[in-house]
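Below: one structure, written as structure tokens.
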Amino acid sequence: MARPQNTPDPSRRSEQSRTAILTAASELLGEIGFGKLTIEKIAARAGVGKQTIYRWWPSKGAVVFDAFLAANENASGSLALPDTGDLAEDLRTVLRLTALELADPAFNRTGRALTAEVLTDPGLLREYRERLLDPLLEVTRDRLRAAREAGQLRADADLDLAVELLYGPLYYRWLHGLGPLDAGYADHVVAALLAALGTAGG
């Protein structure tokens, strides 16, 4: 049975509220930072009640995480690594983009806040693993597995270790502020990985 035109659609209203909340969280994070951000401020900016937020998210960290994903979903598209057949170039492409993202001041502010929250909130850690980190690691392993089967990595190459060797240095440098994050550093990491696990023909 069709809904009368003058009857509000609850699902549409809920989606509008959810979008307003995520937008408000993203804007406020840029304006006042994570430390001063509160559920009350997000609710006021979004024009909703606090209970509306708590109906969907258990904490401000969870709201910020969803806002982060929403802000990046259009730019990131489907999660996949390039596969041109040239492993070194494909990995350089991925790590250069990762380095640029980590070096971006806006990402740095949000990323550090989320990292701190993930370390103290088991529920948020689970969300982070399931929705962001694990899918990234899996598609990376898939690309490295294809390279191993093509003889571009050693036949005994440990793919879990390879993924950690690929992303670990960038995040370690970012987390501790040890140096610049740029294309040159990304290329250096790729070269080190292939020197350790690659083959002479790879």
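The values are calculated or read from the model by the stated rules, or taken from the named source; none is laboratory data. Predicted model only: the values in this text are computed from it and were never measured. Cβ coordinates were reconstructed from backbone atoms using ideal geometry, including for glycine residues, and neighbour counts include every protein chain displayed. Note: areas computed on protein heavy atoms with side chains; ligands, DNA, RNA excluded. Shrake-Rupley method; radii C 1.70, N 1.55, O 1.52, S 1.80 Å.
Among the residues of the range 77-90, the one identified as touching a helix residue (DSSP H, G or I) at 6+ places or on another chain (Cβ under 8 Å), open to solvent by 70 Å² or more (accessible area, probe 1.4 Å) and either of a type in the set (D, E) or at pLDDT 95 or above (or both) is D83.
If you go through the range 180-198 and keep only what is open to solvent by less than 50 Å² (accessible area, probe 1.4 Å) and not in a helix (DSSP H, G or I), you end up with L181, G198. Screening G177 on (1) at pLDDT 95 or above; (2) out of contact with any strand residue (DSSP E or B) (no Cβ under 9 Å at 6 or more places or on another chain); (3) open to solvent by less than 70 Å² (accessible area, probe 1.4 Å) shows it passes everything except condition (1). For T38, indicate whether it is in contact (Cβ under 8 Å) with a residue 24 or more places away in the chain, open to solvent by less than 70 Å² (accessible area, probe 1.4 Å) and hydroxyl-bearing (S, T, Y). So T38 fails the test.
Answer with yes or no whether G123 is without any contact (Cβ under 8 Å) to a residue 12 or more places away in the chain and either touching a Pro at 6+ places or on another chain (Cβ under 8 Å) or under 28 Å from A25 (Cα atoms) (or both).
Numbers: without any contact (Cβ under 8 Å) to a residue 12 or more places away in the chain: no; either touching a Pro at 6+ places or on another chain (Cβ under 8 Å) or under 28 Å from A25 (Cα atoms) (or both): yes.
No, not satisfied.
Taken over the range 91-105, the criterion of being in contact (Cβ under 8 Å) with a residue 12 or more places away in the chain and touching a helix residue (DSSP H, G or I) at 6+ places or on another chain (Cβ under 7 Å) is satisfied by L91, R92, L95, R96, T98, A99, L102. Among the residues of the range 63-76, are any among the charged types (D, E, K, R), assigned to a helix (DSSP H, G or I) and modelled with pLDDT under 90? Scanning the range 63-76 turns up at least one residue that is among the charged types (D, E, K, R), assigned to a helix (DSSP H, G or I) and modelled with pLDDT under 90.
Could we say that I32 is crowded, with 17+ Cβ neighbours inside 10 Å and of a type in the set (V, I, T) here?
Working: crowded, with 17+ Cβ neighbours inside 10 Å: no; of a type in the set (V, I, T): yes.
Considered against the rule, which asks whether it is crowded, with 17+ Cβ neighbours inside 10 Å and of a type in the set (V, I, T), I32 comes out as no.
Residue-level analysis places G47 among those that are touching a residue at least 12 places away in the same chain (Cβ under 8 Å), closer than 25 Å to S17 by Cβ, open to solvent by 40 Å² or more (accessible area, probe 1.4 Å) and not hydrophobic (A, V, I, L, M, F, W, C). Kindly provide the set of residues from the range 81-138 that are of a type in the set (G, A, S) and farther than 20 Å from Y172 by Cα, ordered by number. Matches in the range 81-138: G85, A88, G123.
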